[in-house]
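The values are calculated or read from the model by the stated rules, or taken from the named source; none is laboratory data. Being a predicted model, the structure only gives us computed values, none of them experimental. Neighbour counts run over all protein chains shown; Cβ positions are idealised from the backbone, glycine included. Ligands, DNA and RNA are excluded from the accessible area calculation, which covers all protein heavy atoms including side chains. Shrake-Rupley method; radii C 1.70, N 1.55, O 1.52, S 1.80 Å.
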Amino acid sequence: MPRKDQPLSSRLAVYPGSFDPITNGHVELIYRGLEVFDRLVVAVAHNPRKTPLFTTEERVTMIREALPARSGLEVDTFEGLLVDYARRRKARVILRGLRAVADFEYELQMANMNKKIVPAVETLFMMTGEGYFFLSSQSVREVATFGGPLDDLVPANVVRALRAKLGDGPAPKR
Ligand code: ADP
């Protein structure tokens, strides 16, 4: 067990989220994060009060399948306060992605709250990669529900998982 007063590592970042499911926007951000930090932990939030489309285990498996094994990359789950998890992992940085302006207020609020709870942990933002600005897990779930095209939105294994869970969409009206 690391000692409680051991310093946090600036080389390690935690990238938290629901990842319900992981999208190409997440994947791009993870690769860019790995260029900046020596180690990146993709941390899947397990929230018993929410009912995600995919279970925590399914979300973790999809992320592992979508990302080729790479040194410095880890996929984990967490429950409870994110800053507690970051501190436990000795991570100095929480990495978040920023898309359109709509993300800003929510992210600002969360970053401020986290800073209040554990001042030593910094939230850093990376702008969404070009082409992924309007991509969210929610929009992917909606497109999948209606049988729309998913190939440019999520990794191939996620397309298969979505089709298996939701089918091919409603039958066309006659
Ligand atoms: P949460 O429920 O915590 O917002 P998400 O899985 O939706 O979890 O997102 C996890 C992180 O990835 C967030 O920081 C979010 O802003 C970021 N993100 C989501 N979609 C994209 C995208 N298309 N491009 C880059 N970052 C994204």
Selection within the range 86-130 - assigned to a helix (DSSP H, G or I), more than 13 Å from the ligand (Cβ to nearest atom) and either open to solvent by less than 20 Å² (accessible area, probe 1.4 Å) or not β-branched (Val, Ile, Thr) (or both) | ALA86, ARG87, ARG88, ASN112, MET113, LYS115, LYS116
Which numbered condition trips up GLY72, out of (1) in contact (Cβ under 8 Å) with a residue 40 or more places away in the chain; (2) more than 13 Å from the ligand (Cβ to nearest atom)?
-> (1)
Total residues in the range 118-161, condition without any contact (Cβ under 8 Å) to a residue 60 or more places away in the chain and hydroxyl-bearing (Ser, Thr, Tyr) | 3
Please find, within the range 131-141, the residue that is farthest from MET62 (Cα to Cα) out of those that are in a helix (DSSP H, G or I) and open to solvent by 50 Å² or more (accessible area, probe 1.4 Å).
-> GLN138
Hits in the range 5-38 - residues which are in a loop (DSSP other than H, G, I, E, B), touching a helix residue (DSSP H, G or I) at 6+ places or on another chain (Cβ under 8 Å) and more than 8 Å from the ligand (Cβ to nearest atom) | LEU8, PRO21
Does the range 10-30 contain any residue that is farther than 22 Å from ASN157 by Cα and surrounded by fewer than 19 Cβ atoms within 10 Å (Cβ to Cβ)?
-> yes
Checking LEU53 against (1) surrounded by 22 or more Cβ atoms within 10 Å (Cβ to Cβ); (2) farther than 23 Å from GLU130 by Cβ, the condition it does not meet | (1)
Extreme residue, surrounded by the fewest Cβ atoms within 10 Å (Cβ to Cβ), among residues of the range 39-50 that are assigned to a strand (DSSP E or B) and within 12 Å of the ligand (Cβ to nearest atom) = ALA45
Subset of the range 131-174 [modelled with pLDDT under 90 and more than 16 Å from the ligand (Cβ to nearest atom)] = GLY167, ASP168, GLY169, PRO170, ALA171, PRO172, LYS173, ARG174
Is at least one residue of the range 142-165 in contact with a strand residue (DSSP E or B) (Cβ under 8 Å, 6 or more places away or on another chain) and surrounded by fewer than 17 Cβ atoms within 10 Å (Cβ to Cβ)?
-> no
Considering the range 62-79 alone, what residues qualify as being more than 16 Å from the chain's Cα centre (by Cα) and within 15 Å of TYR15 (Cα to Cα)?
-> GLY72
